[in-house]
Amino acid sequence: MTEGMKEEESLKNWKITDCRLREQPLAIWNQSTWDSVKDAYRRAVGIEHSSIAGTDSVSSMRAVPYEVRWIESYKTRSVFVTERVEKGQLVWKPTQRAKFVEEAAFRRFLSSISYDMACDILSWAYVVEQEDDDEYSFACVVELDDSVYMGIDHDSLFTYNDTGVFASDTVEAGTEIELQDEGDSVVADHVLDWFIYWKEEANSISNQQHDTDILAKLNMTNCNLHERSFPTWDNETWKTLQDLYRHVVGVENSTIPLDSDSGMLVTYEVYPWQMGKSYSYQSVYLTQPVEKGQAVWIPSHIAKFVTEASFQQFLSSMSDDMSCFILLRLSYVMKDDEHDFAYFVDLDVSNYMSAGDDEAPLVVNSTGIFAVRDVNAGESITVDDSEFNNGVVDDGDIKWLSDLKRAALSPIVTRCGRGASKQPILDEDTWENLRNEYRRAVGANLSSISTDPKKSGMLVPYEVRKDPIKGRGLFLTENVKKGQIVWDKSQHAKFAKEISFYRFLSSISHDLACDVLQWAYVVEDPEYGPVCAFELDDGTYMNNGGINAPFDFSGDGVVALRDVEAGEEIAVNYDVLKDGIGFLNDYESPWFFKAKRNAW
């Protein structure tokens, strides 16, 4: 066996993994490194097969002065011109493009360069069709100079063709060099089986890496949304996220078009509103009237991920706040015709639309959002999403995604200890928002509360007061007769799955999350066993009145055991229930017990 054959045999099982775990910021390679990489390429394919002419080491970016910067907010490297560029001026020529038509040469090349550079090469490389090559229809190619740092933006001031990149208009110094597209010859990675294998292996995690280490490297631990401030993202931010998505999956695999930024078909404004002191939401309001039946939005900007690796690579390519928000608030899972499941993120302003019930002015289905009545300018875009949610799969059924979210959210709530006198009395708007967030967290099919977000389970006149000992409590403002039902369980929220509960807690303010953990308890569910539950109305303020309590649970509500006068507290005997009928000890649900213990 020759030395060359021995080398090939030794490299047969060699591969690159864990590229997503590299320390950031990633390296910006200098010209000396590029020269070494080009030499390694020529040795791997042979001088006679090299697509880089001679021993030329000059960068193809020499046409204009530029600099490469690390952009922390998007975890990426980008190229910026440092001088004014005139319309039509050449910016880059493809003179340093390395081409591989055989896996063996590609393997030799990767094994002869540094691990970090090999990871970069695998993230930059792409597949092109070779119409003029009778032997090899497709080739793997990669630029071996600073042009690899150029991004994709369909609104860019730079155009690309087979001869290079040109300024389509006058470009000022400091402008990022981005391409409007990757060219007509680029095809899907999977047409080269050996190349997609290398790319997927690079994004995989070796068995030696522990899950928590992976998450820490991805900056996906401690995604405590209560302590993060999320601005209202403008169209430029959404567009940047769309570009990141295309970069990760490849333009040819992207489900988002290049010629538009949003699926919105009407004019609108986004307004933020505050929920508590530290958490904010956004709502979308029409700035034009909409007629019944009119389309308001189409699902044209939904990013689809079919592999765990691509989804996690997308998350790791942006700021911590962005990745946490997208993972916990924007992503969802649906069944897919070609794959068992696919993972989706709406990358436009539709994320800020409010969820409503069957009386909402708009409805969403697989083809878009439509008005079910005439809607006036100034009205909130509130959507009945029950039909759409029927196709959403609970991501608790997808182990890797559930594990990722669980680790990112652990511990979800901490430092809840405080005096009862500081606890607020929630108004009806807050209860309504909490009910909407609950439905969003568990999905319409698993929701146990009324479909009417405005309905309260309280059936008699009452008021909420604060007691220095008990905290908040309910007090009658009118007399009640023995046997009268004062409250029903129409807003009794149940969580059968840990990840749904975490998703709900992450969507509300820290103070409200602490309240929920204080109110919540464990009950036996005939289908799921021990589940976490609490009331999403003022019924949650009913205190324990012991054996002399004037009210008790009966069926699906609370009933008066005697005539009760105005001014008396609506209190029930919780102790009897804990001894046998409904309530279980918190530790019967280990994940709920852990969440509650961590909160105080």
Over 25 Å (Cα to Cα) - which of Lys494/Lys596; Lys399/Lys489; Lys335/Lys454; Lys15/Lys239 fall in this group: Lys399/Lys489; Lys335/Lys454; Lys15/Lys239
Backbone HN-Hα couplings from phi across the stretch 291-303 [Karplus 6.51/-1.76/1.60, Hz, Gly and Pro as x]: 8, 4, x, 6, 6, 9, 8, 10, x, 8, 10, 9, 6
In sequence order, calculated HN-Hα J values of the stretch 189-200 (Karplus, 6.51, -1.76, 1.60; Hz; x Gly/Pro): 4, 5, 5, 10, 4, 5, 6, 5, 4, 4, 5, 5
Other-chain or far-sequence residues with amide H under 5 Å of Gly356's (modelled H): Val383, Asp384, Asp385
Dimensionless Rg ratio for the stretch 472-566, taking C-alpha atoms and the 2.2 N^0.38 Å reference: 1.23
Amide hydrogen neighbours beyond the local backbone of Tyr462, cut-off 5 Å, H modeled: Thr477
For the stretch 71-129 versus the stretch 524-559, the gap between their alpha-carbon centres in whole angstrom: 62 Å
Å² per residue, accessible surface of the stretch 48-157 at 1.4 Å: 44 Å²
Simple label model, 7 Å out from Cα along Cβ direction - Leu446 to Ser283, nm: 2.8 nm
Residue-normalised accessible area of the stretch 310-361, given per residue in Å² at a 1.4 Å probe: 34 Å²
Accessible area, probe 1.4 Å, largest first, for residues Arg503, Arg415: Arg415, Arg503
The chain, accessible surface, carbon-and-sulfur percent (1.4 angstrom probe): 48 percent
Order by protection proxy (mean Cβ within 10 Å, highest first), peptides 458-467, 296-305: 296-305, 458-467
Distance violations [Cα-Cα > 21 Å] among Lys455/Lys481; Lys99/Lys199; Lys405/Lys497; Lys466/Lys497; Lys199/Lys304: Lys455/Lys481; Lys466/Lys497
Whole-angstrom gap from the stretch 583-600 to the stretch 341-388, using each part's C-alpha centre: 35 Å
FRET efficiency, Glu588 to Ser366 (Cβ-Cβ, R0 35 Å, nearest 0.05): 0.30
Segments 505-518, 309-322, 29-42 sorted - mean Cβ within 10 Å per residue, highest first: 505-518, 309-322, 29-42
Protection proxy ranking, peptides 353-359, 185-191, average beta carbon neighbours within 10 Å, highest first: 353-359, 185-191
0 to 90° range, to nearest 10: angle between helix 590-599 axis and the chain longest Cα axis: 90 degrees
Cα-projected label distance for Gln24 with Ser185, points at 7 Å along beta-carbon direction, nm: 3.3 nm
Under-5 Å amide H pairs with Thr76, H placed in peptide plane, nonlocal only: Ile71
Residues Ala377 and Glu83, FRET efficiency given R0 of 60 Å [Cβ-Cβ distance, rounded to 0.05]: 0.80
At R0 = 25 Å, FRET efficiency that the Cβ-Cβ distance of Asp340 and Arg406 yields, to 0.05: 0.75
0 to 90° range, to nearest 10: angle between helix 115-124 axis and the chain longest Cα axis: 80 degrees
Top positive-direction residue, dipole computed over the chain with Cβ charges, set Gln130, Leu327, His339: Leu327
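The values are calculated or read from the model by the stated rules, or taken from the named source; none is laboratory data. Given the structure is predicted, the values throughout are model-derived calculations rather than measurements. When we count neighbours, we look across all protein chains shown, and the Cβ atoms used for this are built from the backbone with ideal geometry, even at glycine. We work out accessible area using only protein heavy atoms, side chains counted, and drop any ligands, DNA or RNA first. Shrake-Rupley method; radii C 1.70, N 1.55, O 1.52, S 1.80 Å.
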